[in-house]
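Written below as structure tokens is the structure these notes are about.
The values are calculated or read from the model by the stated rules, or taken from the named source; none is laboratory data. Predicted, not measured: the structure shown is a model, and the values here were computed from it. Don't worry about glycine lacking a Cβ; one is built from the backbone with ideal geometry, like all the others, and counts go over all protein chains shown.
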There are 4 protein chains.
Amino acid sequence: MSANARSESREAYYAQIADENMAPLWESLHSLVPKSPQPQAVPALWKYAKLRALIMESGRVISAEEAVRRVLVLENPGLPGKSSLTPNLYGGLQLILPGEIAPSHRHTQSALRFVVEGKGAWTAVDGERTTMHPGDFIITPSWTWHDHGNPAVEDGGEPVVWLDGLDIPLLRQLDAGFAENYPEATQPVTRVEGDSFARFGHNMVPVRHTSTNPTSPIFSYPYDRSREALDILHRNGELDEWDGVKLRYVNPATGGWPMPTMATFMQFLPKGFKGRAYRSTDSTVYSVVEGSGTVRIGDRAFEFDPRDVFVVPSWQAVQLEADSDAVLFSYSDRPVLAALNLLREARH
Amino acid sequence: MSANARSESREAYYAQIADENMAPLWESLHSLVPKSPQPQAVPALWKYAKLRALIMESGRVISAEEAVRRVLVLENPGLPGKSSLTPNLYGGLQLILPGEIAPSHRHTQSALRFVVEGKGAWTAVDGERTTMHPGDFIITPSWTWHDHGNPAVEDGGEPVVWLDGLDIPLLRQLDAGFAENYPEATQPVTRVEGDSFARFGHNMVPVRHTSTNPTSPIFSYPYDRSREALDILHRNGELDEWDGVKLRYVNPATGGWPMPTMATFMQFLPKGFKGRAYRSTDSTVYSVVEGSGTVRIGDRAFEFDPRDVFVVPSWQAVQLEADSDAVLFSYSDRPVLAALNLLREARH
Amino acid sequence: MSANARSESREAYYAQIADENMAPLWESLHSLVPKSPQPQAVPALWKYAKLRALIMESGRVISAEEAVRRVLVLENPGLPGKSSLTPNLYGGLQLILPGEIAPSHRHTQSALRFVVEGKGAWTAVDGERTTMHPGDFIITPSWTWHDHGNPAVEDGGEPVVWLDGLDIPLLRQLDAGFAENYPEATQPVTRVEGDSFARFGHNMVPVRHTSTNPTSPIFSYPYDRSREALDILHRNGELDEWDGVKLRYVNPATGGWPMPTMATFMQFLPKGFKGRAYRSTDSTVYSVVEGSGTVRIGDRAFEFDPRDVFVVPSWQAVQLEADSDAVLFSYSDRPVLAALNLLREARH
Amino acid sequence: MSANARSESREAYYAQIADENMAPLWESLHSLVPKSPQPQAVPALWKYAKLRALIMESGRVISAEEAVRRVLVLENPGLPGKSSLTPNLYGGLQLILPGEIAPSHRHTQSALRFVVEGKGAWTAVDGERTTMHPGDFIITPSWTWHDHGNPAVEDGGEPVVWLDGLDIPLLRQLDAGFAENYPEATQPVTRVEGDSFARFGHNMVPVRHTSTNPTSPIFSYPYDRSREALDILHRNGELDEWDGVKLRYVNPATGGWPMPTMATFMQFLPKGFKGRAYRSTDSTVYSVVEGSGTVRIGDRAFEFDPRDVFVVPSWQAVQLEADSDAVLFSYSDRPVLAALNLLREARH
């Protein structure tokens, strides 16, 4: 048979099997089983200085109550229309104005809130409110009631912006999303602020605590304590050639990730740091807390300044440089990769 | 402002933020965070009797060597063009003819092979070959060299068809796929058939065995043993109102899943069994080993016969009825849901 | 002060503090915190050929019913009066005659039964009876009702002897022993023989099985299957210079030890095997199943023959030699040492 | 046969089997397998006010250097000559005077130091020194080099007394003790004070930390932080009827016990608290930090005041009453019982 004839006969066969909802693997094997990851997500950076006016403008476009959550979703240019920064992770900048409430609900999606600007707003989880300050890392765990609020201007309220990090795209992929609204705008406060931190935050836990819930029972990790740890380690001379000084947040009841689907990190880069290149199969979203510098991701380079957000897709080499002492917060889907034995890393 | 004016002003704002790769969460919140899973995958059944001729035809369309893997991919009608049965799982029917070789390679995707028809072909993993019989459940673990072959007709070879189950769509979602070809068509045989089963299959393990690999060190679970276990339990009166008699395959070195991304099960339904409805956030693919009956999935009903394949999407109620003693093999993404604390079940 | 005067003054001080239930650490530090383990247990071997008549004689001394358990306790000569083979482990030879019952009770002590001679007796655990054959390894887990029996002579009963291995000394040390008698001599039989093995013995487990109990749900590990695994591995050329071919029994639901306090092993030594010396902080009791040879333990050497029992204390070098193909069963307190991060091994 | 004759014949048999190092189980079964724990250890309390002079006197009896560790061992009156407070646990009061060094060594025994009186002495572990204050809980993990010292009087040194808690009796039982002396009196200081706490104490851990060592990487848990947690919880209304407010110390890298063999706790009892009775199979040693009250243990009652030490044997009911706000530190062998599935508790 000539190549043409064979090709035609194959096409006829393909049409026939297509009627039975079947397709020939051999035509797509190489793309289905690639030599190495081929992410559609691309490296990108959002410049806070440029976006700030638009974020504040959202406060005039819609109220927090009407929006439920007034968030500007950051969309990876390689994943248009998917409300995704990476295949598994969502990121957005949420604004809450003095006197506003973001009403109470719960969902199986896990969420983190990393405070970018402003202070004094609160997040309530399971009957306890925590006050938010820039650099605080706060979680609203899967299937827990949560709401946010901000005191009125006369009580010291000011606009507060935080980065929302959720596993929305992952749960869509897994068809595992459930959600409910709380009957009231805010859940009742039943515990004093600091209660869960007192129970679990001091390297001690309640004597009869047992739980199979993998999510951290601490829901606020204040910036001053994280910053202090980085400071001490930096002063002690700790400095990794790739990471600078980098810590990961843990669930103090297990030593594991704060949430089962998202890892979170904070790292310090001293002025003049020029990190070596590193890559990994987790995809990472960074939020700049302090300082300026340059990040190289694959063949792209971005200048970063405080409050900027940038994203590193899977298996893209990343390299960090600091023009001044810098602090970076980041979150990734590492727990997913690790749980499925699919985490690979390379340090170059 | 009138509703119209507000709407127009919002659209203008949306266009402005779109330029910055941002989108308003409040317009998509309900679809991003649904009340319950909204799978795009649909219930479906592939009738083996109808497909068999097409499968055999594939042997004339392309050689195993040219195809690398001569597989007809089963595509969920709700996920067209995605080579997926469910969001995370791939399934396909592979044919290997007497005298053929499917050449050796390895990839991070985990694979299972469930033998549907024919016997005497072999699968090689890590230097050991196992002979395949109908009903055998065989794995080719993540990142292990594997190849398949079939003796020549004169050596007793006959056409063999098996169901391939892989986590290809999941790894694409995770951007975690790596692959390599082996330099030769077949890897060298370095261990006698039965070696890994002797090491791990008898409720004993080598005294110095330690491994952090979550995948089972047994790579063949023969049908005669699984069938015997179901028989004994059925004779002992074990009968669950939802499941009949249902066992899950385990990694004998850990008691966990055979592979980190896919669970596998075998169940017996006695003649006349009318199971109650059940649903779960894992998506499941079934292969009928013996017997006939009806499966109701959501609002659909399908008659099933031996070698048929059917798929149950996330959170769709499934109900099994048997017209004769029936045996069903199934695989699902349950380990993924379980690892991420997202497995929900309901028995109605 | 002269040395004498100082010594006298110290003695006076020691007497004074003794009145307050205090003692000077510095006088005993070296023995309390030794450079390496100083076991009081000594190597020893019990020659079955010599003991058999005495064991059978016990059948005339007392009935199984009066004795509750008619066992000759093997006492380590270095631990007189302690009913111990090692600090943590008890061993004894139990005789049950045709027509006898050893009445039902339960206790927190874990027990293993390794059949030495005779067949057809049964052990009942949790409503299921298992028939005992030489070489079978059977467990009666902590806090489960268990009883033993032997058919009458006319029903084929014959005297049966097994080695009992328990953690009695460990539980005495831990003050954690609880016990209860069952109201009847035998518990009701509620499950068919083989039920638990069908559920858990075939590298599958019931789909809804969950348990926090670390003890194996299989309570009989038949000799023919263990022997077959050793055979296959030996034929495949597996031979460790220290161990020969050695497997450990596992709990198939976890991959862990069959019981939380005792590890069990079976190993094959081919004729002419001269093993290298090994030591470990677990203490081990061996029962010879087949074959003859020599075991060197520390500076002692013992000839062994089928059914002999010998004991290796902590940190004593052990070396095995086989004059004919030999099979050894053994049990040790390794899970205790491992759980407490105190297991050390050295291969010389 | 008459009862006498039978008894004589049995004795003759017993003598015969004794020659073979065997004993009749049926004569000792009831004591070997008791209905419930029969601890030899007894409840006891050491009155610090009464002992203080004797402790200080030890400083004149022997130097820290000569003693290696100048400790008055607290001996349970029920376990005379065994240097034990409970079957598994050792306790002693260690004095270190200004200018003294307790030389560096390591051993497989795990140790805790709970500071009772005085401040400013240091404990060094793995190249880092920590300064000791009353109420601090400090560990010197298994097989880590450790030494202690106290500044000279002119540098502010004062006599410091701490309670040593070790698993010495357990390791003797397990024949698992190894020890070594460091070639110098003190190990070199290679890390700044606070380094390990900065790495692991702030609910964060180094990003590349992996360890299979179950012992906490934090070696000092300062009293001010533990006390603060208890305070907050008490103010929030937390009050268990048995325990008051009770926290257990954790290894922040795992959420598990600080050491694999010993659990540690700190609890607050408000003035007027009358706790209900509780018992457990772990044996516990208490050290009073603040306040006075009464403890009932079995049928004994003891008044307690600051710095007193008391011991609760296995399965003895304990009941705590406070005459003033009280804080108690305690340690027990709970991890051993828990690891072996032998922990039982009852709340009455």
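For segment D:104-115, does any single residue satisfy the condition of being of a type in the set (Lys, Arg), assigned to a loop (DSSP other than H, G, I, E, B), over 24 Å from residue C:37 (Cβ atoms) and at pLDDT 95 or above? Write out each step before concluding.
Of all residues in segment D:104-115, those of a type in the set (Lys, Arg) come to D:106, D:113.
Okay, now just the ones that are also assigned to a loop (DSSP other than H, G, I, E, B), so none.
So far as segment D:104-115 goes, no, none of its residues is of a type in the set (Lys, Arg), assigned to a loop (DSSP other than H, G, I, E, B), over 24 Å from residue C:37 (Cβ atoms) and at pLDDT 95 or above.
When segment C:49-70 is examined, which residues are found to be charged (D, E, K, R) and in contact with a strand residue (DSSP E or B) (Cβ under 6 Å, 6 or more places away or on another chain)? Steps first, answer last, please.
The first filter runs over segment C:49-70 and keeps only residues charged (D, E, K, R), leaving C:50, C:52, C:57, C:60, C:65-66, C:69-70.
Residues satisfying the conditions are C:69, C:70.
Could you tell me how many of the residues in segment A:170-182 are in a helix (DSSP H, G or I) and either modelled with pLDDT under 95 or surrounded by fewer than 23 Cβ atoms within 10 Å (Cβ to Cβ) (or both)? Write out each step before concluding.
Here is the first cut: in segment A:170-182, the residues in a helix (DSSP H, G or I) are A:170-174.
Still in the list and also either modelled with pLDDT under 95 or surrounded by fewer than 23 Cβ atoms within 10 Å (Cβ to Cβ) (or both): A:173.
Here the count works out to 1.
Residues to consider are B:68, B:33, B:42; find the one that is over 17 Å from residue A:174 (Cα atoms) and aliphatic (A, V, I, L, M). Before you say what the answer is, go through the steps one by one.
Working: B:33 fails: over 17 Å from residue A:174 (Cα atoms); B:42 fails: over 17 Å from residue A:174 (Cα atoms).
Of B:68, B:33, B:42, the one residue that is over 17 Å from residue A:174 (Cα atoms) and aliphatic (A, V, I, L, M) is B:68.
Sort through A:254, A:212, A:281, A:264 and tell me the only one that's of a type in the set (Val, Ile, Thr) and under 20 Å from residue D:216 (Cβ atoms). Walk me through it before giving the result.
Details: A:212 fails: under 20 Å from residue D:216 (Cβ atoms); A:281 fails: under 20 Å from residue D:216 (Cβ atoms); A:264 fails: under 20 Å from residue D:216 (Cβ atoms).
Result of the check over A:254, A:212, A:281, A:264: A:254.
Inspect all residues belonging to segment C:243-253 and state whether any of them is β-branched (Val, Ile, Thr) and touching a helix residue (DSSP H, G or I) at 6+ places or on another chain (Cβ under 6 Å). Before the answer, list the steps.
Taking segment C:243-253 first, the residues β-branched (Val, Ile, Thr) are C:245, C:250.
Imposing the further condition that a residue be touching a helix residue (DSSP H, G or I) at 6+ places or on another chain (Cβ under 6 Å) reduces the set to C:245.
For segment C:243-253, residues β-branched (Val, Ile, Thr) and touching a helix residue (DSSP H, G or I) at 6+ places or on another chain (Cβ under 6 Å): present.
Could you tell me whether residue C:128 is more than 14 Å from chain D (Cβ to nearest Cβ) and surrounded by fewer than 21 Cβ atoms within 10 Å (Cβ to Cβ)? Spell out the reasoning first.
Working: more than 14 Å from chain D (Cβ to nearest Cβ): yes; surrounded by fewer than 21 Cβ atoms within 10 Å (Cβ to Cβ): no.
So residue C:128 does not fit the description; no.
Is there a residue being within 30 Å of residue B:344 (Cα to Cα) and at pLDDT 95 or above anywhere in segment B:8-19? Write out each step before concluding.
Taking segment B:8-19 as the starting set, the residues that turn out to be within 30 Å of residue B:344 (Cα to Cα) are none.
Within segment B:8-19, not a single residue is within 30 Å of residue B:344 (Cα to Cα) and at pLDDT 95 or above.
If we keep just the residues of segment B:239-281 that are of a type in the set (Gly, Ala, Ser) and not in a loop (DSSP other than H, G, I, E, B), which is nearest to residue B:39 (Cα to Cα)? Explain how you work it out, then say what you get.
Taking segment B:239-281 and keeping what is of a type in the set (Gly, Ala, Ser), we get B:244, B:253, B:255-256, B:263, B:272, B:275, B:277, B:280.
Checking which are not in a loop (DSSP other than H, G, I, E, B) leaves us with B:244, B:263, B:280.
Details: B:244: 27, B:263: 20, B:280: 12 Å.
Among those residues, the one meeting the criterion is B:280.
Hey, can you tell me all the residues within segment B:37-64 that are within 7 Å of another protein chain (Cβ to nearest Cβ), assigned to a helix (DSSP H, G or I) and surrounded by 19 or more Cβ atoms within 10 Å (Cβ to Cβ)?
The answer is B:51, B:61.
Yes/no matrix, rows are residues, columns are (1) of a type in the set (Lys, Arg); (2) surrounded by fewer than 21 Cβ atoms within 10 Å (Cβ to Cβ); (3) in contact (Cβ under 8 Å) with a residue 12 or more places away in the chain; (4) not in a helix (DSSP H, G or I):
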site	(1), (2), (3), (4)
D:138	no, no, yes, yes
D:157	no, yes, yes, yes
D:163	no, no, yes, yes
D:184	no, yes, yes, yes
D:210	no, yes, no, yes
D:230	no, no, yes, no
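Residue check: is residue B:34 facing another protein chain (nearest Cβ under 8 Å), under 17 Å from the mean Cα position of the chain (by Cα) and either part of a loop (DSSP other than H, G, I, E, B) or modelled with pLDDT of 95 or more (or both)? Even if it seems obvious, please write down each step before you answer.
On the way: facing another protein chain (nearest Cβ under 8 Å): yes; under 17 Å from the mean Cα position of the chain (by Cα): no; either part of a loop (DSSP other than H, G, I, E, B) or modelled with pLDDT of 95 or more (or both): yes.
No.
Restricting the search to segment A:266-279, which residues are crowded, with 21+ Cβ neighbours inside 10 Å and within 12 Å of another protein chain (Cβ to nearest Cβ)?
Matches in segment A:266-279: A:266, A:267, A:268, A:279.
Could you tell me whether residue C:244 is at pLDDT below 95 and either small (Gly, Ala, Ser) or in contact with a strand residue (DSSP E or B) (Cβ under 6 Å, 6 or more places away or on another chain) (or both)? Please lay out each step first, then the result.
Numbers: at pLDDT below 95: no; either small (Gly, Ala, Ser) or in contact with a strand residue (DSSP E or B) (Cβ under 6 Å, 6 or more places away or on another chain) (or both): yes.
No.
Can you tell me which of (1) in a helix (DSSP H, G or I); (2) more than 30 Å from residue A:178 (Cα to Cα) is the one residue B:14 doesn't meet?
Status for residue B:14: all satisfied but (2).
Within segment D:285-338, how many residues turn out to be outside any strand (DSSP E or B), within 14 Å of the chain's Cα centre (by Cα) and not charged (D, E, K, R)?
3
For residue D:108, indicate whether it is of a type in the set (S, T, N, Q) and at the interface with chain C (Cβ under 10 Å from one of its Cβ atoms). Write out each step before concluding.
On the way: of a type in the set (S, T, N, Q): yes; at the interface with chain C (Cβ under 10 Å from one of its Cβ atoms): yes.
Yes; evaluated as a whole, the condition is true for this residue.
From C:237, C:256, C:244, which residue is surrounded by fewer than 22 Cβ atoms within 10 Å (Cβ to Cβ), in contact (Cβ under 8 Å) with a residue 12 or more places away in the chain and not aromatic (Phe, Trp, Tyr)? Step through it out loud before you land on a result.
Details: C:237 fails: in contact (Cβ under 8 Å) with a residue 12 or more places away in the chain; C:244 fails: surrounded by fewer than 22 Cβ atoms within 10 Å (Cβ to Cβ).
Only one candidate qualifies: C:256.
Failed condition for residue C:282, given (1) modelled with pLDDT of 95 or more; (2) over 17 Å from the mean Cα position of the chain (by Cα), with all others met?
(2)
Output the residue which, of all residues in segment C:300-348 that are on the phi > 0 side of the Ramachandran plot and within 10 Å of chain D (Cβ to nearest Cβ), is surrounded by the fewest Cβ atoms within 10 Å (Cβ to Cβ). So that I can check it myself, show each step before the final result.
In the first step, residues of segment C:300-348 are kept if they are on the phi > 0 side of the Ramachandran plot; the result is C:307, C:315, C:341.
Filter once more, keeping what is within 10 Å of chain D (Cβ to nearest Cβ): C:315, C:341.
Working: C:315: 22, C:341: 20.
Checked segment C:300-348; the qualifying residue surrounded by the fewest Cβ atoms within 10 Å (Cβ to Cβ) is C:341.
Since residue C:16 meets every condition but one in (1) farther than 29 Å from residue C:156 by Cα; (2) of a type in the set (S, T, N, Q); (3) more than 7 Å from chain D (Cβ to nearest Cβ), which condition does it not meet?
Only one criterion is unmet by residue C:16, namely (3).
Is it true that residue B:214 is touching a Leu at 6+ places or on another chain (Cβ under 9 Å) and modelled with pLDDT under 95?
Values: touching a Leu at 6+ places or on another chain (Cβ under 9 Å): yes; modelled with pLDDT under 95: yes.
For residue B:214, the condition - touching a Leu at 6+ places or on another chain (Cβ under 9 Å) and modelled with pLDDT under 95 - is met.
Please indicate, with yes or no, whether at least one residue in segment B:73-89 is in a strand (DSSP E or B), over 14 Å from the mean Cα position of the chain (by Cα) and buried (at least 20 other Cβ atoms within 10 Å of the Cβ).
Taking segment B:73-89 as the starting set, the residues that turn out to be in a strand (DSSP E or B) are B:73-74.
In the following step, the residues that additionally are over 14 Å from the mean Cα position of the chain (by Cα) were identified as none.
No, every residue in segment B:73-89 fails to be in a strand (DSSP E or B), over 14 Å from the mean Cα position of the chain (by Cα) and buried (at least 20 other Cβ atoms within 10 Å of the Cβ).
The rows are residues; the columns are (1) surrounded by 15 or more Cβ atoms within 10 Å (Cβ to Cβ); (2) without any contact (Cβ under 8 Å) to a residue 60 or more places away in the chain; (3) among the charged types (D, E, K, R); (4) within 17 Å of residue A:90 (Cβ to Cβ).
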residue: B:5; (1), (2), (3), (4): no, yes, no, no
residue: B:17; (1), (2), (3), (4): yes, yes, no, yes
residue: B:24; (1), (2), (3), (4): yes, yes, no, yes
residue: B:28; (1), (2), (3), (4): no, yes, no, yes
residue: B:31; (1), (2), (3), (4): no, yes, no, yes
residue: B:34; (1), (2), (3), (4): yes, yes, no, yes
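Looking only at segment B:90-116, which residues are more than 17 Å from the chain's Cα centre (by Cα) and not polar (S, T, N, Q)?
Initial filter on segment B:90-116 (more than 17 Å from the chain's Cα centre (by Cα)): B:96-106.
B:96, B:97, B:98, B:99, B:100, B:101, B:102, B:103, B:105, B:106, listed by residue number.
Considering every residue within segment B:250-262, establish whether at least one is within 27 Å of residue A:339 (Cβ to Cβ), among the polar types (S, T, N, Q) and touching a strand residue (DSSP E or B) at 6+ places or on another chain (Cβ under 6 Å). Talk me through it step by step, then tell me what you get.
Residues of segment B:250-262 within 27 Å of residue A:339 (Cβ to Cβ): B:250-262.
Filter once more, so that each one left must be among the polar types (S, T, N, Q): B:251, B:254, B:261.
From what is left, the residues that are touching a strand residue (DSSP E or B) at 6+ places or on another chain (Cβ under 6 Å) are none.
No, segment B:250-262 contains no residue that is within 27 Å of residue A:339 (Cβ to Cβ), among the polar types (S, T, N, Q) and touching a strand residue (DSSP E or B) at 6+ places or on another chain (Cβ under 6 Å).
State the number of residues belonging to segment D:179-194 that are over 30 Å from residue A:136 (Cα atoms) and either over 27 Å from the mean Cα position of the chain (by Cα) or within 14 Å of chain A (Cβ to nearest Cβ) (or both).
First, pick out the residues of segment D:179-194 that are over 30 Å from residue A:136 (Cα atoms): D:179-190.
Retained after the next criterion (residues that are either over 27 Å from the mean Cα position of the chain (by Cα) or within 14 Å of chain A (Cβ to nearest Cβ) (or both)): D:183-184, D:188-190.
Selection size over segment D:179-194: 5.
Are any residues in segment C:195-208 without any contact (Cβ under 8 Å) to a residue 60 or more places away in the chain and within 7 Å of chain B (Cβ to nearest Cβ), and if so, which ones?
If we filter segment C:195-208 for residues that are without any contact (Cβ under 8 Å) to a residue 60 or more places away in the chain, which is where we start, we get C:197-208.
Correct list: C:198, C:199, C:201, C:202, C:203, C:204, C:205, C:206, C:207.
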